[in-house]
Each structure stands twice: as structure tokens, then as C-alpha cells.
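Below: the structure, in C-alpha cells.
Derivation of every value follows stated rules applied to the coordinates shown; laboratory data play no part. All of these numbers come straight from a predicted model, not from anything done at the bench. With ideal geometry, Cβ positions are generated from the backbone for all residues, glycine too; neighbour counts draw on all protein chains shown.
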Amino acid sequence: MPISKDTLSAWNSLLLSEKKHLTLSELEFSALSSWVLDIDRSYNNVYLNLLIGIENSDVYNSQLLHDYVEEIYFDLKHIKDHIEAAENGFLELMKAFAVKSDN
């Protein structure tokens, strides 16, 4: 199920409220902001289209199965790339909340 606008809005509001506590470049902040929507598309494609396509495919249709597996691989790689790009942002955000909770 695609991410709701309310969830996306809540994530972006959280980031904007914490931005002053984060020592991130604009690129790192952008990666932290954009992963939600970008990963959602890939995740939904894998779970709502590709795996169902495999389930409904003829087990002897090697070309179609190859195409599904290849697309799953690239969608999962896309997700991994976004996670890696946002890693510093997540670490900074967790650190900011840890500091706040200690005070």
C-alpha cells in the first residue's frame, strides 16, 4: 500500500523541526528526507506487483521469471542505495533525540 500523504507530511515535519540540531549537508538532509517516498515505490513494486507476478507465472516461462527476478533485484538495490545515502542523516537524527532525552 502506498505511503499516505499524512505519513509523508509527518516525516517531513519531524525533519524540519529537528533540522537545526542536525549537522548535515544539504545533500545528506535531502537523502534523509527523500528515502520515504522513493523507497515506498520500490517496496510496493516488489510486494504488490513482482512477487504476485511470480506467483501467477508459469514455472516454465524462464524469460518472464528472469525479468521479475531482475526487477526485484534492482528495486531492492534501489532501496539499499537510499538507506546508505541516508545513513548519516539517521545517525544524526538519533543523536539529536538521544541528547534531548538525556536533558
Residue-averaged [θ]222 nm for the chain, counting only DSSP H segments that reach four residues, each worth -39500 (n - 2.57): -26500 deg cm²/dmol
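If we count every other residue with Cβ under 14 angstrom of His78's Cβ, Lys/Arg +1 and Asp/Glu -1, where does the sum land?
Details: positive: Arg41, Lys77, Lys80; negative: Asp38, Asp40, Glu70, Glu71, Asp75, Asp81, Glu84.
Neighbour charge sum, excluding His78 itself: -4.
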Hey, with R₀ at 30 Å, roughly what FRET efficiency would Glu70 and Ser30 work out to, going by the Cβ-Cβ distance, to 0.05? 0.60
Under 22 Å from the Cα of Lys20, which lysines turn up, not counting those fewer than eight places away in the same chain? Lys95, Lys100
Scan [x] -0.30, -0.96, -1.45; [y] -0.46, -0.93, -1.15; [z] -0.30, -0.90, -1.29 for the value of log10 I(q)/I(0) by the Debye sum over Cα atoms at q = 0.11, 0.19, 0.23 Å⁻¹ calculated from this model and give just the label. [y]
Report the FRET efficiency, 1/(1 + (r/R0)^6), for Phe97 and Asn44, where r is their Cβ-Cβ distance and R0 is 30 Å, rounded to 0.05. 0.60
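For an R0 of 25 angstrom, estimate the FRET efficiency from the Cβ-Cβ distance between Leu14 and Ile83 and round to the nearest 0.05.
Working: r = 18 Å, r/R0 = 0.71.
For R0 = 25 Å, the calculated efficiency reads 0.90.
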